[in-house]
1. Can you put 129, 65, 94 in order, fewest other beta carbons within 10 Å first?
2. Could you point to the residue in 136, 154, 56 farthest towards the positive end of the stretch 34-157's charge dipole, with +1 and -1 charges on the Cβ of Lys/Arg and Asp/Glu respectively?
3. Placing unit charges on C-beta atoms (Lys and Arg positive, Asp and Glu negative, everything else neutral), compute the dipole magnitude of the stretch 34-157 about its Cα centre in debye, rounded to 20.
4. Return 92, 70, 59 ranked ascending by Cβ neighbour count within 10 Å, so the fewest neighbours appear first.
5. Can you sort 79, 213 by how many other beta carbons sit within 10 Å, fewest first?
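Here, each number is a calculation from the coordinates, and none is a lab measurement. Model, not experiment: these values are computed from the prediction. Because the Cβ atoms are built from the backbone with ideal geometry, glycine has one as well, and the counts that use them run over all protein chains shown.
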Amino acid sequence: MIVNPANHWKLGLFVVGSAAMGFGALTYFGAERISRETFEVVSYFGESVEGLDVGSPVKYRGVTLGRVEKIGFAPNRTDVAVTSEIFFETVKSLGLLEQLPTVSTGLNFEIEGLRVQLSRSGITGIAYLEADVFDTERMPEPVYDFTVPWNHVPSTESTLASLGSTLAETLDSMPELLKSTNDLVNRLDGALESLDVESIGADTRATLGAVRDLAQDLSALETAQLVGDLRLAVEDVRALTAQVSTALEPLGPAVVDAREAASAARVDLAETGSAIRAASVSVESLTDESRLLARDLRVELSELGETLGALRRLAELLERDPSSLLRGRQP
């Protein structure tokens, strides 16, 4: 196949251009990474970090803060040490830090209870570090048997590890639970065996018979009529109670007045008794005087009667003979 020289020139130009663009992209991203302010943090995990690799993201509630830079073991050769590179500008924009942390200033987050845990992305199982705020009483800061560095960020169990721990504790407690259940069943079995079933059955039958007899007695009664009479009686009692209450309402002030009048009457009666005793003495003396006066009045009334009789006769005489007043009495 014969290649046209013009095609060679175009192919060379394409290769050179692609290489230049790749070099420019590397230079741009490399310069951006070099110029970005970052700081390192270290966290220790007491569980497997399978799936977590160098370059895995570090997030805070879904926002990428940095990436995993190194994975190794802690000084105790048990916990896993994960070193992460954190972007200061991102952390500052979220209000987690105010200044770039150093050995002299230390790592002082603006919020308390910041913890890092291992998380996995959906069903793919890709692991990353998730930072969030937790209750320090429920999830206190772990204690290690070695000195932690100044840039240490405490970690907490992942959701999967916590679920596994809870499941393991549940399985550990299963034998004790089964033993308690077995003891309970044995106690119930013993209690059932100790029951006198025949005696209980006889008592039950006797009780049912008594209930049946009582039901028959009740059915023989005119229940509907008794209930109706009872309802009428209750209504009458309610009406009478309402009337008595209504009648007694205005008597409240009258009772108070009567009590006050009775108290005053006691005082008046005492005074009246003294007055009556004094008046009785006076009445006795007046009675004697009245007897004498009555006798004199009878004498005077007798004389007055005679005078009235003479005046009546004079009037009759004048009616018959008015001139007799001028002539005088005839001899």
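1. Lowest to highest Cβ neighbour count: 94, 65, 129.
2. Final value for the positive-end residue is 56.
3. The dipole magnitude comes to about 300 debye.
4. Result, fewest neighbours first: 70, 92, 59.
5. Fewest-to-most ranking of 79, 213: 213, 79.
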